[in-house]
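Worksheet for the structure shown next.
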């Protein structure tokens, strides 16, 4: 049986407690890391749904 994903909802909360001392390159790395972690979680969910 095929699984069709009609809607994908991703929610994230990012809290920057030290906004004044963060430089732009550090925030770009943080954003890339957050995106990478989100992609990993989505792939885990898709793999889990294929095993059903």
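All of the numbers you see were taken from the coordinates with simple rules; none came from a lab. Quick caveat: nothing in here was measured; it's all calculated off a predicted structure. Virtual Cβ from ideal backbone geometry, glycine too; neighbours counted across all protein chains shown.
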Q: At 7 Å along the Cα-to-beta-carbon direction for both residue 29 and residue 5, put a label point, then send me their distance in nm to one decimal.
A: 2.9
Q) So how do 4-11, 39-46 stack up, highest first, on mean other-Cβ count within 10 Å? A) 39-46, 4-11
Q | Net lengthening on full extension, residue 36/residue 14 (0.36 nm per residue, minus Cα-Cα) | A | 6.5 nm
